[in-house]
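*Asks:* Just dropping this structure here.
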4 protein chains.
Amino acid sequence: MAMPFSTRRLIRFSHCDPAGIVFFVNFFEMISGIVEDWFRDAVGLPFQEMHLERRVGFPIVNTGCEFLRPCHLGDTLVLELSIARLGRASIEFDIRGRVGGDEKFRARHKVAMVSLETFRSMAIPEDMRAKMLPYCETRPAGR
Amino acid sequence: MAMPFSTRRLIRFSHCDPAGIVFFVNFFEMISGIVEDWFRDAVGLPFQEMHLERRVGFPIVNTGCEFLRPCHLGDTLVLELSIARLGRASIEFDIRGRVGGDEKFRARHKVAMVSLETFRSMAIPEDMRAKMLPYCETRPAGR
Amino acid sequence: MAMPFSTRRLIRFSHCDPAGIVFFVNFFEMISGIVEDWFRDAVGLPFQEMHLERRVGFPIVNTGCEFLRPCHLGDTLVLELSIARLGRASIEFDIRGRVGGDEKFRARHKVAMVSLETFRSMAIPEDMRAKMLPYCETRPAGR
Amino acid sequence: MAMPFSTRRLIRFSHCDPAGIVFFVNFFEMISGIVEDWFRDAVGLPFQEMHLERRVGFPIVNTGCEFLRPCHLGDTLVLELSIARLGRASIEFDIRGRVGGDEKFRARHKVAMVSLETFRSMAIPEDMRAKMLPYCETRPAGR
């Protein structure tokens with residue numbers, strides 16, 4: 001069973017558009033944020049260490065988001081991340097946002113590991129992989 | 001044959017991340033920008049007029065983007081918008097970004113027309129629709 | 001004695017520029033954020049309530065910031081807000097950011113209260129004022 | 001006599017806040033943008049070349065802005081940059097924004113030249129300086 005990784009974001013004035021609701025672009029910034037938080041808190045790999053010490057990065061391959069209901073100033077948005085598919089060199093996240101029981105958005109966000117030395121794709125090392133497994137929605141395929 | 005609507009964006013310092021390439025979130029801001037430009041210049045409907053005078057809006061239903069190659073500071077990104085599917089009350093845009101012949105991203109971005117009086121979906125009026133048709137990749141279905 | 005209002009912000013990837021340090025524009029977003037937090041948590045006036053129920057706003061008159069040292073990805077920035085001058089209808093904030101004992105920026109940020117009915121300046125009501133007083137660096141002048 | 005450097009920015013949906021006017025933080029992004037444009041078009045030094053080839057940078061020392069009138073969606077903001085003070089190693093810009101004859105903001109924005117090799121302040125070389133002089137409001141002092 002997947003254990004979702006969860007964070008909270010208070011919806012601020014700066015997130016909102018002239019309609020008084022979250023401008024959709026800011027949801028992508030929040031998606032970026034929870035992935036960064038997950039790497040730091042769940043995988044034990046803060047971005048600065050990942051980039052400078054391990055010399056690897058996780059560029060984004062694709063991302064898609066369905067916007068279900070508007071989100072308002074003052075809302076506390078609960079973000080939940082799990083892994084829909086853990087590949088050899090890639091991770092496809094399932095990220096959702098809700099306010100109370102009200103689902104606001106549902107995203108798929110795929111990143112792939114690259115070496116910052118060669119800029120080529122590389123397999124996720126076993127030590128990182130082990131820390132990612134608990135967040136997989138189902139058993140990883142193809143292994 | 002579709003006639004793409006095209007704009008240019010110079011990649012600035014503020015678009016770039018610590019890796020020196022465009023932060024993916026900023027591509028969504030550019031996608032939002034070309035849609036706004038298209039409504040103003042092609043459909044003849046600037047957002048302020050759309051919202052205040054026509055009392056309609058086009059909230060985003062879903063958006064997805066494939067990131068093909070990194071984009072760098074100083075690049076001139078050419079954005080091209082066409083309509084993949086023009087529904088009764090919705091528009092699904094096909095939006096691409098390239099630098100010279102180098103494709104950088106490819107997005108699908110779907111919006112749906114709503115009345116700002118009732119917040120309910122409404123059919124795109126014929127006068128607007130006529131101005132949208134030239135940007136359709138194929139003849140609109142279901143009409 | 002002033003009691004500063006304090007919040008923390010983790011410096012994320014999205015805050016940083018190609019030089020790997022916080023892009024100065026993002027410090028202004030953080031300044032905006034701590035003012036919003038202070039209105040909510042210290043004055044008891046969340047922005048949505050201020051705007052919709054009390055029908056008042058606090059537009060920005062001027063802001064200035066000295067950037068003392070660069071701030072890096074992964075830093076925990078401590079923000080501190082106090083009031084340098086509480087006028088009849090205006091508040092001049094003194095806002096500082098530091099990482100540990102290292103001061104990063106120092107800002108002055110002045111807002112003025114307006115009625116959202118008349119868009120004219122109005123005196124800060126006594127109930128709000130009483131909650132602001134503990135954050136004044138010195139006794140308010142001209143009262 | 002100063003010759004101001006001028007650019008235009010269309011005010012977009014993404015620049016505006018729930019009050020329907022430009023969120024002040026976005027004016028700082030525009031200030032950053034006109035400085036970048038001026039370095040490229042007037043001084044002949046695009047940022048990527050400045051950073052990678054000349055190995056110099058211009059970090060921001062301080063910035064201050066007075067917000068005179070709100071700016072709205074659909075406005076064409078004319079930005080004007082001149083140099084209030086050209087120091088040995090620093091430049092203090094005077095940057096204004098107006099819509100038609102209506103002044104919207106007035107900023108002072110000071111940057112200082114540093115070597116990216118030593119991270120120490122360095123004098124602006126004569127070749128760059130010569131291209132900056134036409135934008136000075138008055139004859140540079142202390143030379």
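*Asks:* Would you kindly work out, in nm and rounded to one decimal, the distances from the label point of A:Leu116 to those of the same position in each other copy, ordered shortest first, with label points 7 Å along Cα-to-Cβ?
*Replies:* Distances to the matching label points in the other copies: 1.6, 4.4, 4.5 nm.
*Asks:* While we're on this one: Partner chain Cβ atoms within 10 Å, averaged over the residues of C:90-98 - can you pull that number for me?
*Replies:* Values: counts 0, 0, 0, 0, 0, 0, 0, 0, 0.
What the average comes to for C:90-98 is 0.
*Asks:* Here's something else I'd like to know. Using a simple charge model, +1 on the beta-carbon of Lys and Arg, -1 on the beta-carbon of Asp and Glu, nothing else, what dipole does chain A show about its Cα centre, in debye to the nearest 20?
*Replies:* Approximately 320 debye in magnitude.
*Asks:* Consider the operator that turns chain C into chain A: which C residue has a Cβ nearest its axis, and what is that gap in Å?
*Replies:* Residue of C nearest the axis onto A, distance in Å: C:Glu29, 5.
*Asks:* How high is the relative contact order of chain C, in percent, with contacts defined as C-alpha pairs under 8 Å that are six or more residues apart?
*Replies:* Relative contact order comes out at 30 percent.
*Asks:* Separate question: Let me confirm one metric for peptide A:102-113, namely the mean number of other chain beta-carbon atoms within 10 Å of its residues' beta-carbons. Intermediate values should be presented prior to the final figure.
*Replies:* On the way: counts 0, 0, 0, 1, 1, 3, 1, 1, 2, 0, 0, 0.
Across the residues of A:102-113, the mean count of other-chain Cβ atoms within 10 Å is 1.
*Asks:* With +1 on each Lys and Arg Cβ and -1 on each Asp and Glu Cβ, and nothing else charged, work out how big the dipole of the protein assembly as shown is about its Cα centre, in Debye to the nearest 20.
*Replies:* 0 debye
*Asks:* Mind ordering C:124-136, D:68-80 by average Cβ neighbours within 10 Å, highest first?
*Replies:* Working: C:124-136: 14.3, D:68-80: 18.3.
Descending mean neighbour count gives D:68-80, C:124-136.
*Asks:* If you average over every viewing direction, what projected area does the convex hull of the Cα atoms of chain A give, in nm²?
*Replies:* For chain A, averaging the hull's shadow over all directions gives 9.0 nm².
*Asks:* Something else now. DSSP loop (so not H, G, I, E, B), at most 12 other Cβ within 10 Å: list which chymotrypsin sites (Phe, Trp or Tyr not before Pro) in the stretch C:72-128 pass both filters.
*Replies:* Answer by residue number: C:Phe119.
*Asks:* Next question, about the same structure. Translational D (Stokes-Einstein, µm²/s) of the stretch C:70-115 at 20 °C and 1.002 mPa s when Rh comes from the Kirkwood sum over C-alpha pairs?
*Replies:* Values: Rh = 11.9 Å.
For these conditions, the coefficient is 180 µm²/s.
*Asks:* Round to the nearest 10 and give me the degree value, 0 to 90, for the angle of helix B:24-41's Cα axis relative to the longest principal axis of chain B.
*Replies:* That helix lies at roughly 40 degrees to the long axis.
*Asks:* Also, quick follow-up: Classify the stretch A:36-103 as rounded, prolate or oblate from the Cα gyration tensor: take a ≥ b ≥ c as the square roots of its eigenvalues, call it rounded if a/c is under 1.5, otherwise prolate when a/b beats b/c and oblate if not.
*Replies:* prolate
*Asks:* Taking the inverse of the average 1/r across all pairs of different Cα atoms in the protein assembly as shown, what Kirkwood radius in Å do you get?
*Replies:* 25.5 Å
*Asks:* For B:Leu45, list long-range residues whose amide hydrogen, built 1.01 Å from N in the peptide plane, is under 5 Å from its own amide hydrogen.
*Replies:* Those qualifying (amide H under 5 Å, at least 5 residues apart or on another chain) are B:Arg40.
*Asks:* Mind checking which of C:Val56, C:Val22, C:Pro70 is farthest towards the positive end of chain C's charge dipole, using Cβ charges of +1 (Lys, Arg) and -1 (Asp, Glu) about the Cα centre?
*Replies:* So the residue we want is C:Val56.
*Asks:* Would you mind calculating the relative contact order of the stretch A:27-94 from Cα pairs under 8 angstrom and at least 6 residues apart, reporting the percent as a whole number?
*Replies:* 18 percent
No value in this document is a laboratory result; all are computed from the given coordinates. These numbers come from a predicted model, not from an experiment. As a convention, Cβ positions derive from the backbone with ideal geometry for all residues, glycine included, and neighbour counts pool all protein chains shown.
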